[in-house]
1. Over 24 Å between Cα atoms, which of Lys113/Lys184; Lys71/Lys113; Lys112/Lys165 qualify?
2. With angles folded into 0 to 90 degrees, how steeply does helix 68-77 sit against the dominant principal axis of the chain? Use alpha carbons for both and round to 10.
3. Roughly what would the spin-label model give for Glu68 and Asp188, points 7 Å off Cα along C-beta, in nm?
4. Using the 10 angstrom Cβ neighbour count as an exposure proxy, how do His197, His124 rank, fewest first?
5. Compute the helix-to-body angle for 15-34: its Cα long axis versus the longest principal axis of the chain, expressed 0 to 90° and rounded to tens.
6. I'd like to compare 27-36, 152-161: which one has the highest average count of other Cβ atoms within 10 Å, and what's the full order after that?
7. At a Cα cut-off below 22 Å, give the lysines reachable from Lys37, other chains included and same-chain residues fewer than 8 away excluded.
8. Would you work out the relative contact order for segment 64-146, in percent, from Cα pairs under 8 angstrom that are 6 or more residues apart?
Amino acid sequence: MTKNQTAFYPVEMSEEERICRNKPLVDTIISLLDAKKVFKNNPIQFGYLLNQAVRQYIIPQDHWHISEAAKKVWDSITDDDIRKFTFQQQIDINKLDDTMEIGESIIIEEGKKTPFNKIFISEHITPVSDVIKVLENHQSPLCPDDVMKILDKMHIARILQSENKRITQRNNRWTDFSDIPDYKQLVDDFYCPAGIHIVELKCIE
């Protein structure tokens, strides 16, 4: 998986399957945390490995969101399902009459393809670095259920690259790292002031 790419799977997945797929990853995260002392001379490598492991966790289906602006653009350019796209996957532009300018410098044309991450980005409402702090600050040895309980509180939103530039605080979004706060509070604190209006992705069906 490419650096900083977030795992995303098609929505047709039962909760039982999601838990089953996550189990090996959860075991890896616990092993990494247990081996932190081994990486004491190479904290950058440790941080990278743990960051990538957390990013690959499959979050609950209803924890994916989208900005109203991103939804409007997506509905204007294609009939495809945005939930099945990520990173450099090519979007088939099939609904435009001519061309469309997005943001300051992105121009897309009807009948052509464009990579998803040229226009959109998967933004972690609950920053990975902050989630890792919660894992590292857990008061007792972590068991798989503890890890899943924490990671199941992650929320991600599909937003425009132009919206992403307006976000000013990327991490340290809360101060008590004993738990992850309600994502709605994070939306109110960091996205609404930037004019980014977040809705549940399932609401676009």
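Throughout, read-outs are computed from the coordinates displayed, never taken from laboratory work. Computed from a prediction, not measured in an experiment: that's the story for all the values here. Quick reminder, even Gly has a Cβ in these numbers, built from the backbone with ideal geometry, and neighbours come from all protein chains shown.
1. Over 24 Å apart, Cα to Cα: Lys113/Lys184; Lys112/Lys165.
2. Computed tilt is about 50 degrees.
3. So the two model labels end up 1.8 nm from each other.
4. Fewest to most other Cβ atoms nearby, the residues stand as His197, His124.
5. Between helix and principal axis, roughly 50 degrees.
6. Highest to lowest by the protection proxy: 152-161, 27-36.
7. Lys133
8. 23
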